[in-house]
Amino acid sequence: MGGGMSSRLFQEVMEKRGLCYSVFSFGTAYEDSGSFGVYAASSPNYTRELIDVTAEVMLSASQGVTSEEANRAKAQLKTSLVMNLESASARADQIARQFLAFGDVPDISTLIARISAVAPDDVTRLAGSLMK
């Protein structure tokens with residue numbers, strides 16, 4: 001949704017419309033629930049338009065995700081996973097989250113394979129179920 005400069009959210013609210021000077025989305029997973037949010041830093045004058053455009057961008061994912069977008073997101077996620085191996089605290093956090101969510105800790109190659117297997121239609125379906 002919006003974690004980098006090539007994301008839909010960044011492109012639309014920052015690059016195209018200039019509504020804010022910082023924007024990203026984030027998600028947190030728990031055993032039986034989760035949360036998804038968007039952070040944006042903007043002038044109060046742009047708040048209403050920023051909220052409206054952000055909602056439009058979020059809903060647009062339920063209408064379709066391109067292969068290019070999915071591949072970019074998967075590459076970013078895989079890179080983040082591998083880079084977290086360099087930090088002991090990030091790796092400990094990753095292990096704890098995997099264990100709490102799934103009851104085991106898959107190795108990095110398994111996680112990368114799972115990420116690689118995600119298709120654009122999978123993302124579109126998930127977005128459709130989340131953004132109703």
Kindly list, by first and then second residue, each pair from a residue in the range 34-56 that is over 16 Å from Glu15 (Cα atoms) to a residue that is open to solvent by 50 Å² or more (accessible area, probe 1.4 Å) and in a helix (DSSP H, G or I), limited to pairs with Cβ atoms under 7 Å and residues at least 6 apart or on different chains.
-> Phe36/Leu130
State yes or no: is Arg125 in a helix (DSSP H, G or I), open to solvent by 50 Å² or more (accessible area, probe 1.4 Å), basic (Lys, Arg) and at pLDDT below 90?
-> no
Checking Gln94 against (1) under 24 Å from Gly128 (Cα atoms); (2) buried (at least 16 other Cβ atoms within 10 Å of the Cβ); (3) at pLDDT below 90, which single condition isn't satisfied?
-> (1)
Answer yes or no: is there a residue in the range 85-98 that is touching a residue at least 24 places away in the same chain (Cβ under 8 Å) and either under 17 Å from the mean Cα position of the chain (by Cα) or within 19 Å of Met1 (Cα to Cα) (or both).
-> yes
Test each condition in (1) modelled with pLDDT under 90; (2) closer than 30 Å to Lys16 by Cα; (3) under 14 Å from the mean Cα position of the chain (by Cα) for Pro120 and report the one that comes out false.
-> (1)
Of those in the range 9-61 that are of a type outside the set (D, E, K, R) and assigned to a loop (DSSP other than H, G, I, E, B), the residue nearest to Phe99 (Cα to Cα) is Tyr30
Search the range 65-89 for residues being exposed (fewer than 13 other Cβ atoms within 10 Å of the Cβ) and not in a helix (DSSP H, G or I), and hand back the single one that is modelled with the lowest pLDDT.
-> Leu85
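The values are calculated or read from the model by the stated rules, or taken from the named source; none is laboratory data. On a predicted model such as this, the values are computed, not experimentally measured, just so you know. FYI the Cβ positions are ideal-geometry reconstructions off the backbone, even for glycines, and counts take in every protein chain you see. Note: accessible area is taken over every heavy atom of the protein model, side chains too, but ligands, DNA and RNA are not part of it. Shrake-Rupley method; radii C 1.70, N 1.55, O 1.52, S 1.80 Å.
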